[in-house]
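J.: Quick one: structure below, then a few questions.
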Amino acid sequence: MNPSYPELLHKVKTQGHTHVSQHGNTMEYLGATVLSMPGEIVRRTNINYNIGYMEALQLIAGVYNIHAMIEAAPNASHKLFTLPMAYGPRVAIQMPRLIEKLKEDPSTRQAIAFIGTPADGATNDPPCTTTIQFLLRQGVLYGFVAMRSWDLIKGLPYDFMMFHALVAVTAHCLGVQPGPVLVNAASAHIYERDMEREAMVDSGRSFAINPNLPTDWMLIREMAQEQVLNFSEWNKAE
C-alpha cells in the first residue's frame, strides 16, 4: 500500500539520512512514494494557500508571471519562482494532444507530459518535476508524477495543489472523475530548519474545480490566463 503524507513524513524523519545540500542540511529518504487522494490539501505552519492557487492557475494558463505571484504572496521568497522552474509554459502546450489521445484511446499508457528536458542540463536548475502521466481506468483519471527532488514541508503542499488541479481539469475535459495522485520522488527531504514545523493533511479543506467550466482545454486555459492577470479582483484564499 502506498503511504499517505503523514506516513511519508514519519518515514523520512525516522529512516532518512542526513544529506548536505546547496540550500542547507536535510534529512533525506531516497525513492519515496506518496499517495494523495482527490482534492487533498496539505496544511503546514505559515502556509499561504494563495501560492498554491496561483501556481495551479499559471500551470493551467501556461504562463510564467512573477508579478502575479508577488501580488498573491507579497511576503514569499520570490527567488524560488523563476522561468526555468515554471511548469506552465512547459506543460499547458502539451495538454490538448494528451487529452485528444485519451479520448481516442482511453486505455493508453502514452499520455505523458514531459517537464524536464535534456536542454535543462545537469548543471542548471531544472524543474523538480520531470514527468506527469495520466492513466484513465474505469472512469477515473489517475495522475502519476515523477520528481527528481521534493521538499516535503515547504514545497509539497503547493505541489499537490498544482497536481490535483491539472488532473481535475483534464478529467473535466474528458467527462470522467479525477482520481488520486501518486508521486515518486528520487530525493524526498526535510530541511533541518523545518523539522519541527507542523504539517498534515487538512481535513477541513479540499480542492475542486467549478463544475460549470467549459470542457474545452483551450477555453479553460484562457480563463486561467485572465484570472492570473486579474488576481486581485477575485476572492483570494484565506
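The values are calculated or read from the model by the stated rules, or taken from the named source; none is laboratory data. Small disclaimer: the values here were computed from a predicted structure and weren't measured. Positions of Cβ are generated from backbone atoms using ideal geometry, with glycine treated the same way; all protein chains shown enter the neighbour counts. For accessibility, only protein heavy atoms count, side chains too; no ligands or nucleic acids. Shrake-Rupley method; radii C 1.70, N 1.55, O 1.52, S 1.80 Å.
J.: When both residues are 6+ apart or on different chains and their Cβ atoms are under 6 Å apart, which pairs have a first residue that lies in region 60-80 and is among the polar types (S, T, N, Q), and a second that is open to solvent by less than 40 Å² (accessible area, probe 1.4 Å) and not in a loop (DSSP other than H, G, I, E, B)?
T.: From region 60-80, the pairs are Asn65/Val228.
J.: Considering only residues of region 86-105 that are part of a loop (DSSP other than H, G, I, E, B) and buried (at least 16 other Cβ atoms within 10 Å of the Cβ), which is modelled with the lowest pLDDT? Give the derivation first.
T.: Residues of region 86-105 part of a loop (DSSP other than H, G, I, E, B): 86-87, 105.
Checking the rest, the ones that are also buried (at least 16 other Cβ atoms within 10 Å of the Cβ) come to 86-87.
Details: Ala86: 92, Tyr87: 95.
The selected residue is Ala86.
J.: Keeping to region 176-216, report how many residues are more than 26 Å from Leu35 (Cβ to Cβ) and crowded, with 20+ Cβ neighbours inside 10 Å.
T.: Looking only at that region, the number is 0.
J.: Just to be sure, is Val42 of a type outside the set (Asp, Glu), surrounded by 14 or more Cβ atoms within 10 Å (Cβ to Cβ) and in a loop (DSSP other than H, G, I, E, B)?
T.: Numbers: of a type outside the set (Asp, Glu): yes; surrounded by 14 or more Cβ atoms within 10 Å (Cβ to Cβ): yes; in a loop (DSSP other than H, G, I, E, B): no.
When the stated conditions are applied, Val42 does not pass them.
J.: Would it be correct to say that Gly16 is in contact with an Asp or Glu (Cβ under 7 Å, 6 or more places away or on another chain) and touching a residue at least 60 places away in the same chain (Cβ under 8 Å)? Can you show your working first?
T.: Numbers: in contact with an Asp or Glu (Cβ under 7 Å, 6 or more places away or on another chain): yes; touching a residue at least 60 places away in the same chain (Cβ under 8 Å): yes.
Taking the combined requirement at face value, the residue satisfies it.
J.: Are any residues in region 106-120 open to solvent by 20 Å² or more (accessible area, probe 1.4 Å) and touching a Phe, Trp or Tyr at 6+ places or on another chain (Cβ under 9 Å), and if so, which ones?
T.: Ile112
J.: Go through Leu135, Leu102 for me and flag whichever is touching a residue at least 40 places away in the same chain (Cβ under 8 Å) and more than 16 Å from the chain's Cα centre (by Cα).
T.: Working: Leu135 fails: touching a residue at least 40 places away in the same chain (Cβ under 8 Å).
Residue meeting the stated conditions: Leu102.
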